[in-house]
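Laboratory data are not the source of any read-out in this text; all were calculated from the coordinates shown. Quantities reported herein were computed from a predicted structural model and do not represent experimental measurements. Positions of Cβ are backbone-derived with ideal geometry, glycine not excepted, and every protein chain shown enters the neighbour counts.
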Amino acid sequence: MAGEWVDKVIEKAKTVTSEELVFRYKGLLYPAMRTSKQTLTELCTFQARTEDVLLAAYPKCGFNWIHHVLRDIVHANDEEEENYALTRKFATLEFGEMKRHPSPRLYGTHSHYDNLPKSISEKKPKILVLLRNPKDNAVSYYHFYQNNPLLPCFPSWDEFFKKYMTGEVFMGSYFDYALNWNQHVDDENVMLITFEELKENLEEGVKKMAMHFGFSLTEEQIKKIAGRGTFKSMSENSQITHSSYGKYIFRKALHKCNSFIFVKAQFFPK
């Protein structure tokens, strides 16, 4: 998101009602300031390439974090990589940002597998599916909604939780999303990884991701990429990578520390 464009969108969002900040398309909610029904309709014509690098993640599962890591993996051997890697464009399918990108194209999606363009199942590009503990995802998503000027606020955690559990949030139910992708974890071109294992050992995660997508990295490159993938590093560079929108994206995620917000009746079944 270019800085000037981001500022204009944020200002525009201030002039509309909460209801106008989202719209429904094929049963799912989408942010009206970021995409449109026309953009989503045109996705059916999207032409995937076998060499594409695709990240699939439900919102607030570490999407922006791991896109940074994948960007560094893909461009680790580019000339002058150190100077301009931070500004390399990362596209999101649902937001219509895929025009004129050279291969290997790195892009992401929040969509269910069944909602992806047909060409992806035909060309079978390598896909990384990123999942997260739903309790931590719910809390992170709540804060994202409350702090994001492009999304409507909820009057309370309880109200958000009800909507989260019924799929009345951007991209629908986390559980439907996870179940849909789980049907494809054994596909040759699909690799599943969790937010928690990457937080535990990012270097090992970088190795696994690079191997999955067919990129050869030295140990030095792996350590460097993992170092740039820390919250501190990404937060410091958020103005470069996401302009003024970065402050709404990078909220420090500490998994297994959010139980305090749940009342007993809201705990997920084990």
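Work out, step by step, the length gained on full extension between GLU196 and ASP114: first 0.36 nm times the residue separation, then minus their alpha carbon distance; give nm to one decimal.
Working: separation 82, 0.36 × 82 = 29.52 nm, distance 2.54 nm.
Net length gain for the segment: 27.0 nm.
At 7 Å along the Cα-to-beta-carbon direction for both LYS8 and ASP78, put a label point, then send me their distance in nm to one decimal.
2.5
Please arrange ARG49, ARG228 by how many other C-beta atoms lie within 10 Å of their C-beta, fewest to most.
Values: ARG49 14, ARG228 17.
Taking fewest neighbouring Cβ atoms as first place, the list is ARG49, ARG228.
Compute the signed sum of charges (Lys and Arg +1, Asp and Glu -1) over the other residues within less than 14 Å, Cβ to Cβ, of GLU19. Working shown, then result.
Working: positive: ARG24, LYS163; negative: GLU20, GLU168.
My count for the surroundings of GLU19 gives 0.
Compute the distance from the alpha-carbon center of the stretch 1-47 to that of the stretch 99-173, in whole Å.
14
Give the residues of the stretch 59-79 whose amide nitrogen is closer than 19 Å to a point set 7 Å from the Cα of GLU220 in the direction of its Cβ.
Only 72-79 fall inside the zone, counting backbone N under 19 Å.
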